[in-house]
Amino acid sequence: MLRIVNTVLILGFFCSSWAQDKVTLSGYIHDASNGETLIGATVFIDELKTGTVSNEYGFYSVSVDPGIYHMRYSYLGYDTYELLIDLTTYKKQIVELVPEGYQLEEVVISADADNMNVSNVEMSVNSLEMQTIKKMPTLLGEVEVLRSIQLLPGVSSVGEGASGFNVRGGSIDQNLVLLDEAPVYNSSHLFGFFSVFNPDAIKDVKLLKGGIPSRYGGRLSSILDVRMKEGNNKNLSVKGGVGAIFSRLSVEAPILKDKASFIVAGRRSYIDILAAPFLNDELADSRLNFYDLTAKVNYKIDESNRVFLSSYFGRDNFGFGNQAGFNWGNSTLTLRWNHLFSDKLFSNFTVYTSDYDYQIDFGDDAINNFTWDARIVNYSIKPEMSWFVNPQNLIRFGGQGIFYRFEPGNAVGVSEGVAHDLSVDDKFALEGALFIENKIDLSSSIAINYGLRWSYFNYIGAGRSYTFGEAPRGLRRPVLSSTTYEQWESIQTYSNLEPRISMKFQLSEDKSVKASYNRMAQYIHLISNTTASTPVDIWTPSTNNLKPQIADQWAVGYFQNLNQNTYEFSAELYYKQYAQLLDYIDGADLLLNEFLDGDLLEGKGRSYGVELMLKKSKGRFSGWASYTIARTERLVEGINNNEWYPSRYDQTHNLSLTGFYELADRWSLSSNFVLISGTPATFPTTRFEQQGYIIPYNLNETRNNVRIPVYHRLDISATLQGKKNLERRWQSEWVFSIYNIYSRRNPFSIYFKQGENTTTEAIRLSVIGNFIPSVSYNFKF
């Protein structure tokens, strides 16, 4: 790694010395209506035919020869700001872009420059504006971030009621979901029907599936980077909505105009309130709701320093009287400090904490009851620097340190007044990383972004580690011995070098070919042997028995814009190779098992496929069509007769069509259609009959030997805008939607049931079997 770091730094210093006689223009780009910084806004210099884009905090920096230049600042959906500037020395330029009146009524598929998808070195990256997400048909009228990204190529889920999402055949724990840089370990409410992200508090959503820069790490498949709004620093702004099962409200306003602002957004469902009159006395105290609260405040100390404090707290509650209860939730807290060391050196220092826990209880008396809670907590510090050497050269470097505490289960059962402690010991770990990356334009047609990440993981005490003996592959391994470790004492360490590279070859102004490679290491694992993740799945660290998972991914793509950037086409081919993948023996005991490592297996995997996307981003009609054909397979010794088998996330075909149409000044329509191959499942191949009971048996010991039927669904939506009145701040809209319009009973799973006379029947379980209409009302002022 040292050799690569030296190479990057030498190149950077060479470019820096070459740029000694140049002058720098830097600053921030904001939305003129509310002061929000704009991510990915374009800064273009007409005379040089080059430029840059603003970073995640709206900052930009360009270094050029002294002279007079025509500058153009642009962002899709906003008026272009043009400026003639005399650059003889360093200059700071703060720019506010005004939203276009007509464009605000159109759907914006991407907020990048018209040809950014072709000219940018990034590939396997998708961005969705909240403006677009809010136009999509929704379940029960609620705007949904996670369901929206599942309409993009390479992204899917295993069905309704499944938490999270799957990217290029990966499991949900292989996606790093970030909210203002803090990880969210369970991104769903109501068992996957809604996400934890309040649409009124979100500014930007970006999904990275491949060519992942070295500043990101910790997961194998993707990074979902969700950025919150800073809060309106111009005026008081209130937004809200009333839907079929829950409502939301957000308030944002300046604390000190143009200097400090805040936003607070909350949501709560009211299924329990609506159901209360119909419940009997035993269920009178039932809890059936979810809620979340999102808040952020920022303060501009001076031109070189700005601080942000953001937080999230959300919870799902399911309780049936006093007899049983189940609840789970996330909480995050992020503190960030932006500092400008110079006009070319931008820094961000982040400190965060993230906590996910769940609780289960049964019994309403002290004589017989059961309680169980589990959680994962982590604390992190992350410094990151961005060195804008010149318009063609950007160097990023930094590091991260994370402390984990895993609580697999604190469980106590009381039977006839006698308590039985079933708890599993807590586990602790440290994770660290150093990274450096360099984005450089080698010529007008060739650009490259390369870097290296060194990651380190230390499984530490206090706690016990176990040594397991040998067993036939596919069977539980016996415990041979255990060792006790003191607090902070190292039990097992791992480290990995993770090279990353992306390249772009510009064929013409509207065509390019891109290629990428990245290696990712994942040190923490979600223990789940169900097709869909559940809130009670547990996280565990890599241990002396469980190695970190590794993935290498190669991708190549062709990108072209048509008809003056009205249409965008992309085709990507990828191949992903996994090592040390986590799998389970048949009949694995995953919950409250102190000897869990003995039930785990290690295997390898592969995913490969083609992703096609065509989208129209301008005009009254817009939208996209995406199609993915892919395979995801695993090979685990002792499973499936030691042969490759399809993973439970393998979906060969995935087609989605999404459309938006501006029917009139006040009416707009939208729809989406999805068609996805069924997921694999393991069915018995024969059966035994004994004393009138049927015992299913898999004679060939095959895994995932059949597929459930294909999944398809059509949703539609219509939005009626309130009458426009320029003298009144109040704006409103009615949203009418129908989910699953032709009442498709998509199978979530299939199981077998014994009938009369030793017959068996297959039962199809459908979470949603009918169309679901909804009406919601949204407002802002």
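The values are calculated or read from the model by the stated rules, or taken from the named source; none is laboratory data. Computed from a predicted structure; not experimentally measured. Positions of Cβ are backbone-derived with ideal geometry, glycine not excepted, and every protein chain shown enters the neighbour counts. The area values use the complete protein model at the heavy-atom level, side chains included, leaving out ligands, DNA and RNA. Shrake-Rupley method; radii C 1.70, N 1.55, O 1.52, S 1.80 Å.
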Discussion item. Condition first: over 25 Å from Ile448 (Cα atoms), open to solvent by 10 Å² or more (accessible area, probe 1.4 Å) and aromatic (Phe, Trp, Tyr). Can you find one or more residues in the range 533-542 that meet it?
Written reply: yes
Of (1) within 19 Å of His525 (Cα to Cα); (2) open to solvent by 10 Å² or more (accessible area, probe 1.4 Å), Ala182 fails just (2)
Listed by range, strands (runs of 3 or more DSSP E) wholly within the range 118-234 having at least 1 residues that are farther than 26 Å from Met503 by Cα are 175-179, 202-208, 222-228
Here the residues within the range 382-433 that are in contact with a Leu (Cβ under 7 Å, 6 or more places away or on another chain), among the small types (Gly, Ala, Ser) and over 28 Å from Phe44 (Cβ atoms) are Gly399, Gly409, Ala411, Gly413
With criteria (1) buried (at least 20 other Cβ atoms within 10 Å of the Cβ); (2) touching a Ser or Thr at 6+ places or on another chain (Cβ under 7 Å); (3) modelled with pLDDT of 95 or more, Thr658 comes up short on (2)
If we keep only residues of the range 712-756 that are touching a residue at least 12 places away in the same chain (Cβ under 8 Å) and aliphatic (A, V, I, L, M), then the residue surrounded by the fewest Cβ atoms within 10 Å (Cβ to Cβ) is Leu720
The residue from Glu633, Glu637 that alone is of a type in the set (Asp, Glu), open to solvent by 30 Å² or more (accessible area, probe 1.4 Å) and touching a Lys or Arg at 6+ places or on another chain (Cβ under 6 Å) is Glu637
Across the range 238-268, the tally of residues that are surrounded by fewer than 20 Cβ atoms within 10 Å (Cβ to Cβ) and among the hydroxyl-bearing types (Ser, Thr, Tyr) stands at 1
Counting only strands (runs of 3 or more DSSP E) entirely within the range 45-86, those with at least 2 residues that are within 23 Å of Gly231 (Cβ to Cβ) and within 34 Å of the chain's Cα centre (by Cα) are 59-64
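Residue-wise test of (1) part of a strand (DSSP E or B); (2) farther than 19 Å from Glu303 by Cα; (3) aromatic (Phe, Trp, Tyr).
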| site | (1), (2), (3) |
| --- | --- |
| Asn327 | yes, yes, no |
| Thr332 | yes, yes, no |
| Trp337 | yes, no, yes |
| Ser342 | no, no, no |
| Phe349 | yes, no, yes |
| Gln359 | yes, yes, no |
*asked:* Condition first: open to solvent by less than 10 Å² (accessible area, probe 1.4 Å), outside any strand (DSSP E or B), touching a Gly at 6+ places or on another chain (Cβ under 8 Å) and at pLDDT 95 or above. Can you find one or more residues in the range 562-575 that meet it?
replied: no
When every residue in the range 642-672 that is in contact with an Asp or Glu (Cβ under 6 Å, 6 or more places away or on another chain) and of a type in the set (S, T, N, Q) is compared, the one farthest from Pro709 (Cα to Cα) is Ser668
Taking the range 47-91 and keeping residues touching a Pro at 6+ places or on another chain (Cβ under 6 Å) and among the polar types (S, T, N, Q) leaves Thr50, Thr52, Thr88
Those residues of the range 668-704 which are assigned to a loop (DSSP other than H, G, I, E, B), of a type in the set (Gly, Ala, Ser) and touching a residue at least 40 places away in the same chain (Cβ under 8 Å) amount to Gly678, Gly692
Restricted to the range 523-546 and to residues being in a strand (DSSP E or B) and among the hydrophobic types (A, V, I, L, M, F, W, C), the residue farthest from Phe194 (Cα to Cα) is Ile524
With criteria (1) open to solvent by 10 Å² or more (accessible area, probe 1.4 Å); (2) modelled with pLDDT of 95 or more, Gly605 comes up short on (1)
